[in-house]
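First up is the structure itself, then whatever we jot down about it.
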Amino acid sequence: MSKIKKENHLKKNQVNDDKFAFKSVIRSTVLGGIFFIVSILFNGEILEIFDTSILLWNFIDSIIKVVFIMLFFIFMIISMGNYKELTGKPLNFKDIILLSVLSLIQAFRNPIVFIFTLAGLLILLAYLYLLQDN
Amino acid sequence: MKRPTNKILIFTIIILISLSSITLIQNVKCSTTLIPTIGSTPTIDGVIDQQNNEWGGANKNSLYLYQNLSLPENGLPIDLWIMQDQTSLFISIQFELDPIEHDEEFVGFLISEDELGDYSDARLIQFSNMSAGEFQYLDYYINNSVFILDDDSNGEGAAGLDGNKITYEYGTPIEINDESAQDVWFQTQFTYNFSIIFGKTPSYPEGILKNNILIEIQYPIFTPPNPPIDKLIINMIIFGVIGLVFIYYVNSIRKMRDKVKRLRS
(Lines give C-alpha, C1' and ligand atoms only; values in the text may rest on other atoms or scores of the structure.)
Protein backbone atom coordinates (compact mmCIF):
# COMPACT_ATOMS: atom_id res chain seq x y z
CA MET A 1 0.00 0.00 0.00
CA SER A 2 1.38 3.41 -0.95
CA LYS A 3 2.14 5.98 1.77
CA ILE A 4 -0.67 8.34 0.62
CA LYS A 5 -3.23 5.50 0.56
CA LYS A 6 -2.17 4.43 4.07
CA GLU A 7 -2.53 8.00 5.38
CA ASN A 8 -5.99 8.31 3.78
CA HIS A 9 -7.04 5.01 5.35
CA LEU A 10 -5.87 6.13 8.79
CA LYS A 11 -7.63 9.49 8.37
CA LYS A 12 -10.86 7.69 7.38
CA ASN A 13 -10.62 5.47 10.48
CA GLN A 14 -10.05 8.53 12.65
CA VAL A 15 -13.15 10.26 11.19
CA ASN A 16 -15.23 7.10 11.78
CA ASP A 17 -14.02 6.91 15.38
CA ASP A 18 -14.90 10.58 15.92
CA LYS A 19 -18.32 10.07 14.37
CA PHE A 20 -18.96 7.09 16.65
CA ALA A 21 -17.77 8.98 19.72
CA PHE A 22 -19.90 11.99 18.78
CA LYS A 23 -22.99 9.82 18.27
CA SER A 24 -22.31 8.23 21.66
CA VAL A 25 -22.10 11.71 23.26
CA ILE A 26 -25.49 12.68 21.77
CA ARG A 27 -27.22 9.40 22.68
CA SER A 28 -25.86 9.34 26.24
CA THR A 29 -26.80 12.99 26.77
CA VAL A 30 -30.35 12.39 25.52
CA LEU A 31 -30.72 9.36 27.82
CA GLY A 32 -29.15 11.32 30.70
CA GLY A 33 -31.67 14.11 30.03
CA ILE A 34 -34.60 11.68 30.02
CA PHE A 35 -33.53 10.17 33.33
CA PHE A 36 -33.01 13.66 34.73
CA ILE A 37 -36.61 14.60 33.85
CA VAL A 38 -37.93 11.37 35.42
CA SER A 39 -35.78 12.06 38.47
CA ILE A 40 -37.30 15.57 38.78
CA LEU A 41 -40.80 14.02 38.75
CA PHE A 42 -40.05 11.40 41.40
CA ASN A 43 -37.35 13.01 43.54
CA GLY A 44 -39.01 16.42 43.38
CA GLU A 45 -42.13 14.63 44.70
CA ILE A 46 -44.22 15.97 41.83
CA LEU A 47 -45.39 12.40 41.23
CA GLU A 48 -45.91 9.96 44.10
CA ILE A 49 -44.93 6.38 43.25
CA PHE A 50 -46.60 4.74 46.27
CA ASP A 51 -48.74 6.75 48.68
CA THR A 52 -48.62 4.36 51.62
CA SER A 53 -47.08 3.97 55.04
CA ILE A 54 -46.14 0.31 54.42
CA LEU A 55 -42.39 -0.01 54.93
CA LEU A 56 -41.78 -2.36 51.99
CA TRP A 57 -43.45 0.00 49.48
CA ASN A 58 -41.55 2.95 50.92
CA PHE A 59 -38.32 1.00 50.47
CA ILE A 60 -39.20 0.14 46.84
CA ASP A 61 -40.12 3.80 46.29
CA SER A 62 -36.67 4.88 47.54
CA ILE A 63 -34.90 2.27 45.41
CA ILE A 64 -36.71 3.45 42.25
CA LYS A 65 -35.66 7.04 43.00
CA VAL A 66 -32.04 5.97 43.56
CA VAL A 67 -32.04 3.96 40.29
CA PHE A 68 -33.10 7.00 38.24
CA ILE A 69 -30.39 9.17 39.77
CA MET A 70 -27.79 6.46 39.17
CA LEU A 71 -28.91 6.04 35.55
CA PHE A 72 -28.60 9.82 35.09
CA PHE A 73 -25.08 9.67 36.52
CA ILE A 74 -24.00 6.66 34.41
CA PHE A 75 -25.21 8.10 31.08
CA MET A 76 -23.85 11.54 31.83
CA ILE A 77 -20.42 10.18 32.76
CA ILE A 78 -20.37 8.17 29.49
CA SER A 79 -21.38 11.30 27.60
CA MET A 80 -18.79 13.48 29.33
CA GLY A 81 -16.08 10.86 28.88
CA ASN A 82 -16.68 10.70 25.14
CA TYR A 83 -16.98 14.47 24.90
CA LYS A 84 -13.64 14.92 26.62
CA GLU A 85 -12.12 12.31 24.34
CA LEU A 86 -13.28 14.30 21.31
CA THR A 87 -11.76 17.49 22.71
CA GLY A 88 -8.55 15.58 23.38
CA LYS A 89 -8.58 16.01 27.14
CA PRO A 90 -9.11 13.35 29.80
CA LEU A 91 -12.09 13.36 32.15
CA ASN A 92 -10.62 14.99 35.24
CA PHE A 93 -11.44 14.73 38.92
CA LYS A 94 -13.26 18.07 38.95
CA ASP A 95 -15.74 16.89 36.28
CA ILE A 96 -16.48 13.70 38.22
CA ILE A 97 -17.01 15.62 41.45
CA LEU A 98 -19.33 18.11 39.70
CA LEU A 99 -21.39 15.31 38.17
CA SER A 100 -21.52 13.45 41.51
CA VAL A 101 -22.73 16.58 43.30
CA LEU A 102 -25.36 17.24 40.60
CA SER A 103 -26.57 13.66 40.98
CA LEU A 104 -26.52 13.68 44.75
CA ILE A 105 -28.47 16.92 45.24
CA GLN A 106 -31.37 15.40 43.31
CA ALA A 107 -31.96 13.28 46.42
CA PHE A 108 -32.17 16.31 48.74
CA ARG A 109 -35.79 15.61 49.76
CA ASN A 110 -35.33 12.12 51.13
CA PRO A 111 -32.43 11.23 53.47
CA ILE A 112 -32.78 7.50 52.71
CA VAL A 113 -32.55 8.13 48.96
CA PHE A 114 -29.60 10.45 49.64
CA ILE A 115 -27.68 7.81 51.62
CA PHE A 116 -28.39 5.05 49.08
CA THR A 117 -27.38 7.35 46.19
CA LEU A 118 -24.18 8.34 47.98
CA ALA A 119 -23.34 4.66 48.57
CA GLY A 120 -24.18 3.81 44.95
CA LEU A 121 -22.02 6.64 43.60
CA LEU A 122 -19.09 5.65 45.80
CA ILE A 123 -19.32 2.02 44.64
CA LEU A 124 -19.60 3.09 41.00
CA LEU A 125 -16.68 5.52 41.25
CA ALA A 126 -14.56 2.89 42.99
CA TYR A 127 -15.45 0.42 40.23
CA LEU A 128 -14.58 2.93 37.48
CA TYR A 129 -11.32 3.81 39.25
CA LEU A 130 -10.31 0.14 39.57
CA LEU A 131 -11.32 -0.51 35.95
CA GLN A 132 -9.14 2.41 34.85
CA ASP A 133 -6.28 1.11 36.98
CA ASN A 134 -6.41 -2.33 35.37
CA MET B 1 -16.64 -29.38 65.29
CA LYS B 2 -19.91 -29.86 67.16
CA ARG B 3 -19.30 -27.30 69.88
CA PRO B 4 -19.21 -24.12 67.75
CA THR B 5 -22.35 -25.27 65.90
CA ASN B 6 -24.20 -25.74 69.19
CA LYS B 7 -22.95 -22.38 70.43
CA ILE B 8 -24.18 -20.64 67.27
CA LEU B 9 -27.53 -22.43 67.54
CA ILE B 10 -28.01 -21.43 71.19
CA PHE B 11 -26.90 -17.88 70.44
CA THR B 12 -29.39 -17.63 67.54
CA ILE B 13 -32.22 -18.97 69.73
CA ILE B 14 -31.40 -16.43 72.47
CA ILE B 15 -31.45 -13.58 69.91
CA LEU B 16 -34.76 -14.80 68.44
CA ILE B 17 -36.35 -15.09 71.91
CA SER B 18 -35.12 -11.57 72.80
CA LEU B 19 -36.54 -10.14 69.58
CA SER B 20 -39.89 -11.90 70.15
CA SER B 21 -40.03 -10.51 73.70
CA ILE B 22 -39.53 -6.99 72.40
CA THR B 23 -42.43 -7.49 69.96
CA LEU B 24 -44.63 -8.85 72.73
CA ILE B 25 -43.82 -5.94 75.01
CA GLN B 26 -44.69 -3.49 72.22
CA ASN B 27 -47.97 -5.27 71.52
CA VAL B 28 -49.08 -5.32 75.14
CA LYS B 29 -48.23 -1.66 75.63
CA CYS B 30 -51.49 0.28 75.87
CA SER B 31 -50.56 3.65 77.28
CA THR B 32 -48.13 6.11 75.73
CA THR B 33 -47.33 9.62 76.82
CA LEU B 34 -47.34 11.87 73.79
CA ILE B 35 -46.41 15.52 73.66
CA PRO B 36 -47.97 17.49 70.79
CA THR B 37 -45.57 19.42 68.61
CA ILE B 38 -46.22 23.04 67.69
CA GLY B 39 -47.01 23.47 64.04
CA SER B 40 -49.00 25.42 61.51
CA THR B 41 -52.79 25.15 61.70
CA PRO B 42 -54.16 22.31 59.55
CA THR B 43 -57.47 22.47 57.70
CA ILE B 44 -59.96 20.10 59.33
CA ASP B 45 -61.42 18.56 56.17
CA GLY B 46 -60.53 14.87 56.38
CA VAL B 47 -57.69 15.25 53.90
CA ILE B 48 -53.97 15.38 54.70
CA ASP B 49 -52.62 17.68 52.02
CA GLN B 50 -49.13 16.28 51.52
CA GLN B 51 -48.36 18.73 48.70
CA ASN B 52 -48.57 21.62 51.19
CA ASN B 53 -46.95 19.59 53.98
CA GLU B 54 -50.14 19.71 56.07
CA TRP B 55 -49.59 17.98 59.41
CA GLY B 56 -45.89 17.99 58.46
CA GLY B 57 -44.95 19.48 61.82
CA ALA B 58 -46.93 16.88 63.78
CA ASN B 59 -45.57 13.90 65.66
CA LYS B 60 -46.53 10.72 63.84
CA ASN B 61 -47.13 7.65 66.01
CA SER B 62 -47.93 4.12 64.92
CA LEU B 63 -50.28 2.44 67.39
CA TYR B 64 -52.83 -0.33 67.69
CA LEU B 65 -56.44 -0.11 68.79
CA TYR B 66 -57.38 -3.13 70.86
CA GLN B 67 -60.82 -4.57 71.47
CA ASN B 68 -59.46 -6.57 74.36
CA LEU B 69 -56.19 -5.53 75.90
CA SER B 70 -55.53 -9.09 77.05
CA LEU B 71 -55.67 -10.21 73.40
CA PRO B 72 -53.42 -7.64 71.73
CA GLU B 73 -53.01 -9.66 68.53
CA ASN B 74 -56.40 -8.44 67.29
CA GLY B 75 -55.26 -4.82 67.22
CA LEU B 76 -56.11 -2.41 64.45
CA PRO B 77 -52.96 -0.58 63.27
CA ILE B 78 -53.38 3.21 63.08
CA ASP B 79 -51.24 6.25 62.38
CA LEU B 80 -51.78 9.08 64.83
CA TRP B 81 -50.66 12.69 64.42
CA ILE B 82 -50.79 15.18 67.30
CA MET B 83 -50.09 18.86 66.98
CA GLN B 84 -51.09 22.19 68.48
CA ASP B 85 -51.02 25.85 67.61
CA GLN B 86 -51.56 28.82 69.89
CA THR B 87 -55.27 28.18 70.39
CA SER B 88 -56.08 24.59 69.49
CA LEU B 89 -55.04 20.98 69.77
CA PHE B 90 -55.21 18.90 66.59
CA ILE B 91 -55.40 15.15 66.28
CA SER B 92 -55.48 13.09 63.12
CA ILE B 93 -56.03 9.35 62.87
CA GLN B 94 -55.46 7.37 59.70
CA PHE B 95 -55.82 3.66 58.95
CA GLU B 96 -56.67 1.22 56.20
CA LEU B 97 -59.96 -0.63 56.37
CA ASP B 98 -62.56 -2.11 54.05
CA PRO B 99 -65.25 0.60 53.89
CA ILE B 100 -68.03 -1.78 52.76
CA GLU B 101 -67.98 -3.63 56.06
CA HIS B 102 -68.00 -0.49 58.21
CA ASP B 103 -70.58 1.85 56.70
CA GLU B 104 -71.57 3.21 60.13
CA GLU B 105 -68.09 3.35 61.57
CA PHE B 106 -67.15 5.88 64.23
CA VAL B 107 -63.78 7.02 65.49
CA GLY B 108 -63.10 9.50 68.24
CA PHE B 109 -61.61 9.90 71.67
CA LEU B 110 -62.67 9.98 75.27
CA ILE B 111 -60.99 12.56 77.49
CA SER B 112 -60.26 12.38 81.17
CA GLU B 113 -59.27 15.45 83.20
CA ASP B 114 -56.69 13.43 85.06
CA GLU B 115 -54.25 10.67 84.33
CA LEU B 116 -56.47 8.03 85.91
CA GLY B 117 -58.88 7.60 83.04
CA ASP B 118 -62.20 8.76 84.51
CA TYR B 119 -63.60 9.84 81.16
CA SER B 120 -66.04 12.74 81.15
CA ASP B 121 -65.84 14.07 77.59
CA ALA B 122 -66.12 12.42 74.17
CA ARG B 123 -65.51 13.74 70.66
CA LEU B 124 -66.60 11.50 67.81
CA ILE B 125 -66.95 11.39 64.10
CA GLN B 126 -69.86 9.14 63.28
CA PHE B 127 -70.38 7.95 59.73
CA SER B 128 -73.97 7.40 58.67
CA ASN B 129 -72.93 6.23 55.21
CA MET B 130 -69.24 5.86 54.69
CA SER B 131 -69.51 4.98 50.98
CA ALA B 132 -71.33 8.30 50.39
CA GLY B 133 -68.97 10.17 52.75
CA GLU B 134 -71.79 11.19 55.12
CA PHE B 135 -70.64 11.81 58.69
CA GLN B 136 -71.33 13.94 61.74
CA TYR B 137 -69.02 15.45 64.35
CA LEU B 138 -70.42 14.79 67.82
CA ASP B 139 -69.46 16.26 71.19
CA TYR B 140 -70.70 14.28 74.21
CA TYR B 141 -70.23 14.50 77.93
CA ILE B 142 -70.19 11.30 79.91
CA ASN B 143 -72.17 10.87 83.08
CA ASN B 144 -71.93 7.46 84.78
CA SER B 145 -70.93 5.84 81.47
CA VAL B 146 -73.94 7.42 79.72
CA PHE B 147 -73.14 9.49 76.66
CA ILE B 148 -75.15 12.77 76.58
CA LEU B 149 -74.86 15.29 73.74
CA ASP B 150 -73.37 18.68 74.72
CA ASP B 151 -75.67 21.70 74.59
CA ASP B 152 -72.95 23.50 72.61
CA SER B 153 -70.66 21.41 70.45
CA ASN B 154 -67.03 22.31 71.01
CA GLY B 155 -64.27 21.82 68.48
CA GLU B 156 -64.51 20.45 64.97
CA GLY B 157 -63.99 17.18 63.14
CA ALA B 158 -63.98 15.81 59.62
CA ALA B 159 -63.29 12.51 57.92
CA GLY B 160 -62.36 11.50 54.42
CA LEU B 161 -62.06 8.21 52.62
CA ASP B 162 -59.38 7.79 49.97
CA GLY B 163 -59.48 4.25 48.57
CA ASN B 164 -59.09 2.01 51.60
CA LYS B 165 -57.42 4.74 53.65
CA ILE B 166 -59.60 6.62 56.14
CA THR B 167 -58.48 9.91 57.64
CA TYR B 168 -60.09 11.47 60.69
CA GLU B 169 -59.15 14.99 61.75
CA TYR B 170 -60.09 16.76 64.98
CA GLY B 171 -59.47 20.23 66.32
CA THR B 172 -60.30 21.33 69.84
CA PRO B 173 -59.63 24.66 71.57
CA ILE B 174 -57.11 24.99 74.40
CA GLU B 175 -57.40 27.21 77.47
CA ILE B 176 -61.12 27.93 77.11
CA ASN B 177 -63.09 27.45 80.29
CA ASP B 178 -66.35 25.70 79.52
CA GLU B 179 -68.84 27.14 82.02
CA SER B 180 -71.39 24.43 81.31
CA ALA B 181 -68.78 21.88 82.51
CA GLN B 182 -69.71 19.58 79.67
CA ASP B 183 -66.24 19.68 78.16
CA VAL B 184 -62.79 19.04 79.53
CA TRP B 185 -60.99 22.32 80.02
CA PHE B 186 -57.54 21.95 78.50
CA GLN B 187 -54.98 23.76 80.56
CA THR B 188 -51.28 24.22 80.13
CA GLN B 189 -48.69 21.90 81.64
CA PHE B 190 -51.32 19.29 82.53
CA THR B 191 -51.53 15.73 81.34
CA TYR B 192 -54.83 14.41 80.06
CA ASN B 193 -55.83 10.85 79.41
CA PHE B 194 -57.10 10.31 75.90
CA SER B 195 -58.64 7.03 74.86
CA ILE B 196 -59.03 6.56 71.15
CA ILE B 197 -62.19 4.69 70.33
CA PHE B 198 -63.39 2.91 67.25
CA GLY B 199 -66.69 1.18 66.55
CA LYS B 200 -68.85 -0.16 63.77
CA THR B 201 -72.34 0.83 64.97
CA PRO B 202 -73.54 4.16 66.41
CA SER B 203 -73.90 2.94 69.99
CA TYR B 204 -71.69 4.19 72.77
CA PRO B 205 -69.90 2.95 74.77
CA GLU B 206 -70.66 -0.63 73.58
CA GLY B 207 -68.48 -2.44 71.09
CA ILE B 208 -65.54 -0.10 70.89
CA LEU B 209 -61.92 -0.88 70.28
CA LYS B 210 -59.73 1.38 72.35
CA ASN B 211 -56.20 2.34 73.17
CA ASN B 212 -55.27 4.57 76.06
CA ILE B 213 -52.91 7.39 75.32
CA LEU B 214 -51.65 10.09 77.62
CA ILE B 215 -51.26 13.41 75.91
CA GLU B 216 -49.45 16.25 77.59
CA ILE B 217 -50.45 19.74 76.51
CA GLN B 218 -47.47 22.06 76.33
CA TYR B 219 -49.21 25.39 75.76
CA PRO B 220 -48.33 28.34 76.22
CA ILE B 221 -44.73 27.77 75.17
CA PHE B 222 -45.71 28.95 71.73
CA THR B 223 -43.31 30.19 69.13
CA PRO B 224 -44.90 30.80 65.75
CA PRO B 225 -43.48 28.32 63.27
CA ASN B 226 -41.50 29.58 60.32
CA PRO B 227 -43.68 29.87 57.24
CA PRO B 228 -42.96 26.79 55.12
CA ILE B 229 -40.95 27.55 52.01
CA ASP B 230 -42.95 26.48 49.05
CA LYS B 231 -41.94 23.01 47.89
CA LEU B 232 -42.20 24.10 44.27
CA ILE B 233 -39.73 26.97 44.77
CA ILE B 234 -37.12 24.64 46.36
CA ASN B 235 -37.63 22.16 43.52
CA MET B 236 -37.24 24.93 40.96
CA ILE B 237 -34.00 26.17 42.54
CA ILE B 238 -32.34 22.74 42.97
CA PHE B 239 -33.43 21.15 39.71
CA GLY B 240 -33.13 24.50 37.89
CA VAL B 241 -29.43 24.67 38.76
CA ILE B 242 -28.87 21.11 37.50
CA GLY B 243 -30.94 21.92 34.39
CA LEU B 244 -28.84 25.01 33.67
CA VAL B 245 -25.61 22.99 33.94
CA PHE B 246 -27.17 20.41 31.63
CA ILE B 247 -28.17 23.08 29.08
CA TYR B 248 -24.64 24.57 29.25
CA TYR B 249 -23.21 21.11 28.56
CA VAL B 250 -25.59 20.50 25.61
CA ASN B 251 -24.60 23.91 24.23
CA SER B 252 -20.91 23.04 24.49
CA ILE B 253 -21.60 19.79 22.58
CA ARG B 254 -23.33 21.81 19.85
CA LYS B 255 -20.35 24.22 19.68
CA MET B 256 -17.93 21.32 19.47
CA ARG B 257 -19.94 19.77 16.61
CA ASP B 258 -19.77 23.07 14.66
CA LYS B 259 -16.05 23.27 15.36
CA VAL B 260 -15.48 19.71 14.12
CA LYS B 261 -17.53 20.42 10.99
CA ARG B 262 -15.49 23.57 10.26
CA LEU B 263 -12.19 21.70 10.71
CA ARG B 264 -13.34 18.92 8.39
CA SER B 265 -14.42 21.32 5.67
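The values are calculated or read from the model by the stated rules, or taken from the named source; none is laboratory data. Keep in mind the model is a prediction, meaning the values are calculated, not measured. As a convention, Cβ positions derive from the backbone with ideal geometry for all residues, glycine included, and neighbour counts pool all protein chains shown. Accessible surface is based on the protein model in full, side chains and every heavy atom, while ligands, DNA and RNA are left aside. Shrake-Rupley method; radii C 1.70, N 1.55, O 1.52, S 1.80 Å.
Within the bounds of the range A:64-77, is there any residue that is at pLDDT 90 or above and farther than 22 Å from B:VAL245 by Cβ?
Within the range A:64-77, the subset at pLDDT 90 or above is A:64-77.
If we keep only those that are farther than 22 Å from B:VAL245 by Cβ too, we end up with A:64.
Yes, there is a match, as at least one residue in the range A:64-77 is at pLDDT 90 or above and farther than 22 Å from B:VAL245 by Cβ.
How many residues does the range B:142-169 hold that are open to solvent by 60 Å² or more (accessible area, probe 1.4 Å) and among the hydroxyl-bearing types (Ser, Thr, Tyr)?
2
Only one of A:VAL67, A:VAL25 is of a type in the set (A, V, I, L, M), in contact (Cβ under 8 Å) with a residue 60 or more places away in the chain and either away from chain B (no Cβ under 11 Å) or touching a Phe, Trp or Tyr at 6+ places or on another chain (Cβ under 8 Å) (or both); which? Please lay out each step first, then the result.
On the way: A:VAL67 fails: in contact (Cβ under 8 Å) with a residue 60 or more places away in the chain.
Within the list A:VAL67, A:VAL25, the selection yields A:VAL25.
Quick test of your reading of the structure: A:PRO90 fulfils all but one of (1) open to solvent by less than 60 Å² (accessible area, probe 1.4 Å); (2) not in a helix (DSSP H, G or I). Name the failing condition by number.
(1)
Quick test for you: out of B:ILE247, B:ILE238, B:ILE197, pick the one residue that is within 11 Å of another protein chain (Cβ to nearest Cβ), surrounded by 14 or more Cβ atoms within 10 Å (Cβ to Cβ) and modelled with pLDDT of 80 or more. Let's see the steps before the verdict.
Details: B:ILE247 fails: surrounded by 14 or more Cβ atoms within 10 Å (Cβ to Cβ); B:ILE197 fails: within 11 Å of another protein chain (Cβ to nearest Cβ).
So the residue among B:ILE247, B:ILE238, B:ILE197 that is within 11 Å of another protein chain (Cβ to nearest Cβ), surrounded by 14 or more Cβ atoms within 10 Å (Cβ to Cβ) and modelled with pLDDT of 80 or more is B:ILE238.
Condition check: within 24 Å of B:GLN51 (Cβ to Cβ), more than 10 Å from every other protein chain (Cβ to nearest Cβ) and open to solvent by 60 Å² or more (accessible area, probe 1.4 Å). Does A:PHE59 satisfy that?
Working: within 24 Å of B:GLN51 (Cβ to Cβ): yes; more than 10 Å from every other protein chain (Cβ to nearest Cβ): yes; open to solvent by 60 Å² or more (accessible area, probe 1.4 Å): yes.
Spelling it out, A:PHE59 is indeed within 24 Å of B:GLN51 (Cβ to Cβ), more than 10 Å from every other protein chain (Cβ to nearest Cβ) and open to solvent by 60 Å² or more (accessible area, probe 1.4 Å).
Could you identify the single residue in A:PHE73, A:PHE42 that is within 13 Å of chain B (Cβ to nearest Cβ), within 22 Å of B:MET236 (Cα to Cα) and within 12 Å of the chain's Cα centre (by Cα)?
On the way: A:PHE42 fails: within 12 Å of the chain's Cα centre (by Cα).
Of the residues listed, the single one that is within 13 Å of chain B (Cβ to nearest Cβ), within 22 Å of B:MET236 (Cα to Cα) and within 12 Å of the chain's Cα centre (by Cα) is A:PHE73.
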